[in-house]
Structures are given as structure tokens and as C-alpha cells.
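A.B. asks: Here you go, one structure.
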Amino acid sequence: MTQRLEQLGPYTLVQREGVFPLGGDALALGGFATLRSRWRVCDLGTGSGALLLLLARREPTLDLWGLDSSQEAVDCTRESLDRSGLTGSLWAGPWSACPFPAGTFDLVVSNPPYFIPGRGKQGGPGRMEQESLDSLCAAAARLLRNGGRFALCHRPERLPQLMRGMTDHGLEPKRMALLAAGPDRVPSTVLLEGVRQGRPGLEILPTLYPAT
């Protein structure tokens, strides 16, 4: 099995062929999401475990949970956690059937597939939706406690659908930033964070650019 290792601060990310790799959007989301000490965090669509490691790098006291529809991805995340000396609760299956305890998470994060199969750009098999954006928002809302946060990255052109999915499931959008390759480039990613049963009011943050 082809794999390579990448250091994320003190932690080791295992990246395997066939498991969605670490990208700039995950790096940005790992720094964007709100965190507090000892929060219980769940990653919906964990891939190789990159987001869990990025969040743990910021706050080592987190209680880590994750799921992915691919058993291979869950196994890869498990190895990333083991090599990094971290523990976590992992499950293989769709987020619409997630068995994790409802209403108990402080933060849910996701770097989900961006594209609807058969509509325009596909972005490769790893970027094609298997479950809808609405079902992702529903899963996050079910898992979060009141006041808990849902942070994710997505394509800017999907923002209206994303906002609608969040508000339909009681997740009030509170913070948003765009990610662009440079000041003269069109943003390629939107970062959005909502609060379960939060009050209306959206903060638009400055555009983010990858570190050079």
C-alpha cells in the first residue's frame, strides 16, 4: 500500500493512495474553526484525519471523534491518531446514519465533497457528493448541543444552498471568510461557521491567503 507521512506540528498525518489528501482548504478550516479547551469535536468525512490533527495541534485537550463513508479512510485516520499518540472514536458509514451521541458535541467540522454528480465540474471521485449538503447540515445539527458550532469549507458558488441548509436545521451562520490563492485571484473556497440555535448576525472576516 502506497502511503506517505507528513508532520503537522507534533503530529504525524498518514496519507494513503485512494484516501482524500490534505489540501489548502483543510489547512484553512483547521485554523478557522472556533475551539475551546476540552471540547468534544466530530469530523464528518474525516479522510486521513487531517482536520482532527490540525485542531489537536491548536488545542491538545480535545475529545476527538470522526467518521467517513470509507473504511479505508477510517483506518488511515486511526493510524494517523496512533502515530501521533492521540485517541479518538471513529466509525465507518454515512453521516446520515451516524451513531454518535446526539446533542453532545461542542464542535462539528467537515471538509465535504464539493460537487453534485452530473452537474458541471466533478473534481474527481473524492469530490463528488454521496450525500446531500442538506443531509450534512442535518447531521451536524443533530450532533451539536445548543450553542455548539458547525464549521466547514465549501465552494463559494454553493454558499446559498449551504446557508439555506444550515438555517433550515437551526444552525445560524455566524462567521464567514473566503480563501483565495492571492489578492488578484478569485476566491476558491468559503469557510463558514454556524451556531446551533444561535442569534442572527453574520461576521464577514478578511479574505484568507495561503501561507507562503
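The values are calculated or read from the model by the stated rules, or taken from the named source; none is laboratory data. These numbers were taken from a predicted model, which means no experiment stands behind them. Glycine also receives a Cβ, built like all others from the backbone with ideal geometry; neighbour counts cover every protein chain displayed. Side chains included, ligands, DNA and RNA excluded: accessible areas come from the protein's heavy atoms. Shrake-Rupley method; radii C 1.70, N 1.55, O 1.52, S 1.80 Å.
A.B. asks: For the pair E6/D168, report the inter-label distance in nm, with labels modelled 7 Å from Cα in the Cβ direction.
C.D. replies: In this crude label model, E6 to D168 measures out at 3.3 nm.
A.B. asks: Heavy-atom accessible area per residue, the range 1-79, 1.4 Å probe: how many Å²?
C.D. replies: Accessible area per residue: 41 Å².
A.B. asks: I've got another one for you. Within the set of other residues whose C-beta is less than 12 Å from the C-beta of L44, count the net charge using Lys and Arg as +1 and Asp and Glu as -1.
C.D. replies: For residues surrounding L44, the net value is -2.
A.B. asks: Ok, one more. Identify which of the listed values of Cα extents along the principal axes in Å was calculated from the structure shown: [x] 52, 35, 30; [y] 43, 40, 34; [z] 116, 38, 28.
C.D. replies: It is the one labelled [y].
A.B. asks: As a test, work out the antiparallel percent of DSSP beta bridges whose residues both lie in the chain, rounded to the nearest 5.
C.D. replies: 50
A.B. asks: Give me the one-decimal nm value for the distance between modelled label points at S96 and S37, 7 Å along each residue's Cα-to-Cβ direction.
C.D. replies: 4.1
A.B. asks: As a test of the formula, what do you get for the chain when each DSSP H run with n ≥ 4 contributes -39,500 (n - 2.57) and the sum is divided by the residue count, at 222 nm and rounded to the nearest 500 deg cm²/dmol?
C.D. replies: So the calculated ellipticity at 222 nm is -7500 deg cm²/dmol.
A.B. asks: Farthest toward the dipole's positive end in the chain, which of S80, L136, G182, given Cβ charges of +1 (Lys, Arg) and -1 (Asp, Glu) about the Cα centre?
C.D. replies: Result: G182, furthest along the dipole toward the positive end.
A.B. asks: Still on this structure, I have one more. In debye to the nearest 20, how big a dipole does the chain give about its Cα centre with +1 on each Lys and Arg Cβ and -1 on each Asp and Glu Cβ?
C.D. replies: Here the chain has a charge dipole of around 440 debye.
A.B. asks: For D75 paired with R185, estimate the spin-label separation in nm (one decimal), with each label point 7 Å from Cα along the Cα-to-Cβ line.
C.D. replies: 3.5
A.B. asks: Then there's this: Can you work out the FRET efficiency for the pair E157 and R199, with r the C-beta to C-beta distance and R0 = 30 Å, to the nearest 0.05?
C.D. replies: Working from the Cβ atoms, E equals 0.60.
A.B. asks: Still on this structure, I have one more. Out of the total accessible area of the chain (probe 1.4 Å, heavy atoms of protein only), what percent is carbon and sulfur?
C.D. replies: 51
A.B. asks: Compute the signed sum of charges (Lys and Arg +1, Asp and Glu -1) over the other residues within less than 9 Å, Cβ to Cβ, of E59.
C.D. replies: +4
A.B. asks: How large is the accessible surface of R145 in square angstrom, using a 1.4 angstrom probe and rounding to the nearest 10?
C.D. replies: That residue has around 80 Å² of solvent-accessible surface.
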